[in-house]
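The values are calculated or read from the model by the stated rules, or taken from the named source; none is laboratory data. All figures in this text were calculated on a predicted structure; none of them were measured in a lab. A quick note on method: Cβ atoms are made from the backbone with ideal geometry, for glycine too, and the neighbour counts reach across all protein chains shown. Remember, those area values only see protein heavy atoms, side chains included, never the ligands or the DNA or RNA. Shrake-Rupley method; radii C 1.70, N 1.55, O 1.52, S 1.80 Å.
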Amino acid sequence: MASASEAATQAQATLIEEFGFPSGGVDSTVCKEHGQLTLLVSISPEQQAIARTLIDGFTLVCPDIAVTIRTVPLGEPLAGDTSAQAQVQDALATGDADLLFMSHMHLPALAEAGVVAPLDTALDPALVQQMRPITVQAMRRGDELYGVPVFVDLQVLFHNRDLVQDPAGTLSDLRAQAQAGAPVILDGTFAWGFWGVGAFGGQLFGPHGEFVLSPTALTRWLAWLQESGQRFGVRTTTDRSGARQMFLAGASTYYVAPSTEFTALATYLGKGSQSVALMPQGPAGPGRPLALVDGVTASAALTETQAALARRFLSYAASVPAQTRLLERYQVLPANSAVELQSYPNVARIAVQLQSSALVQNTPWLATVVQLGDEAYRQVLQEGIAPAVAVEQMYAALAVEAKRSGFTVPTPDPTPSATPANMTPPPPFTPEPDANGTPVPSATGSGVP
């Protein structure tokens, strides 16, 4: 009858005592190495802050190894942005950089180019076993581990307690809150709104990274959004920065964002006001956000001396002390499952949400699907087009691209239904006139006014 955390702690103690599993600390051997490492980091302020915290902690362990940060514009992983890929590859291949702190989405191209080294012999296998399975999966290419997972950068549903005390548990609750007057603004883009497709049974990636998204699941989610805007006061927006400002201003109860934004948002709202909520349940189960894994990898061109320094940093980055330090400061979910979460209820909920998440995979078709998905969202939520029509057009365009790129598009159902059995069909879309009498899309269904 012990709590989950107590049971996990006892299990870990047993493994340490009886089987010699590591306690989660860093290598007990005194760090005598000295030298300099260069770490490539994204220009993202959040990523740079996390990297600096890692380096500060490492300096306490290995004071004679200096680590310098060099920033690179790594781009947006979900958008398939690889603009800085060549720059990163050159730096790693020529010795201008020793380590790279990045999203797992950049790993396939780097491993294929041979500029990063496998790390299976660089880390204690027992330490790797402590990592959450999804994080190890993200850092592998084939049977080789190419990166040390540091934390899970999950899409998180932030919730303002001052507006609604208890977060919506289901999609029906979300409608009820909006109908009762709570400001509910949801993301109207494919990638950041995909959690709702999962609530209707949709999956983006198959077991081998293939495209498996059911057009029916996408149609039903878009129909839910459209009807929620027209009848229940749930609004949507495609403006990511605008959505953030609305949340900070108390004009929106919810905001879906990377977990790395936790501390920045809490600074404005206050820790008592902000919390992390689980994605609302839908007809087919919980909302399923997308997940990225951030970690550190090493150049394949390192000399023996530099490789020894890099192994020190990699072992520290994987350790419980290092990832506990990040948890305390940034409230991110550690990749190392031995890090205790009892004192961090928001992060504990992120860990629960991870169980129903989808690990984003770097595939040739992802950018096209996101682009065409955004267009389908726009047509439905801003132009009032029937969801079934918008999705049919999206899949027709995908079929054309699939022939050119060589991926497979799921076959639509013979008679796809835009409306689930338990949902009332939405009324015909009627644009509201503006001050000049020109019809414009309704604010409740097409974006933030």
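For a label point 7 Å from the Cα of Lys271 along Cα→C-beta, name the residues of the stretch 316-339 whose backbone N is under 15 Å from it.
325-332
Over the stretch 277-369, what is the relative contact order in percent, taking alpha-carbon pairs closer than 8 angstrom and at least six residues apart?
37 percent
All other residues with a Cβ under 13 Å from the Cβ of Ala178 taken together, and with Lys, Arg as +1 and Asp, Glu as -1, what is their net charge?
With Lys, Arg at +1 and Asp, Glu at -1, the neighbours total +1.
Over the stretch 122-202, with the other protein chains present, what is the accessible area per residue in square angstrom, probe 1.4 angstrom?
34 Å²
When the Cα centres of the stretch 108-170 and the stretch 308-326 are compared, how far apart do they sit, in Å?
15 Å
When the accessible area of the stretch 120-169 is computed with all protein chains present and a 1.4 Å probe, what percentage of it is carbon and sulfur?
44 percent
Given 0.36 nm per residue, what is the gain on full extension from Asp173 to Gln48 after removing their alpha carbon distance, in nm?
The span from Asp173 to Gln48 would gain 41.2 nm if fully extended.
For the pair Ala308 and Arg141, how long in nm is the line joining their label points, each one 7 Å along Cα→Cβ?
2.8 nm
Can you give me the convex hull volume of the Cα atoms of the stretch 95-245, divided per residue and expressed in Å³? All intermediate terms of the calculation are to be shown ahead of the outcome.
Numbers: hull volume 26.4 nm³, N = 151.
Convex hull volume per residue, Cα atoms: 175 Å³.
Tell me, what HN-Hα J-couplings in whole Hz come from the Karplus equation 6.51 cos²θ - 1.76 cosθ + 1.60 at θ = phi - 60° for each residue of the stretch 381-393, using x for Gly and Pro?
8, 10, 9, x, 5, 4, x, 4, 5, 5, 5, 4, 5
Would you mind pulling out the separation of the Cα centroids of the stretch 202-256 and the stretch 352-368, in Å?
With the stretch 202-256 and the stretch 352-368 each reduced to a Cα centre, they are spaced 16 Å.
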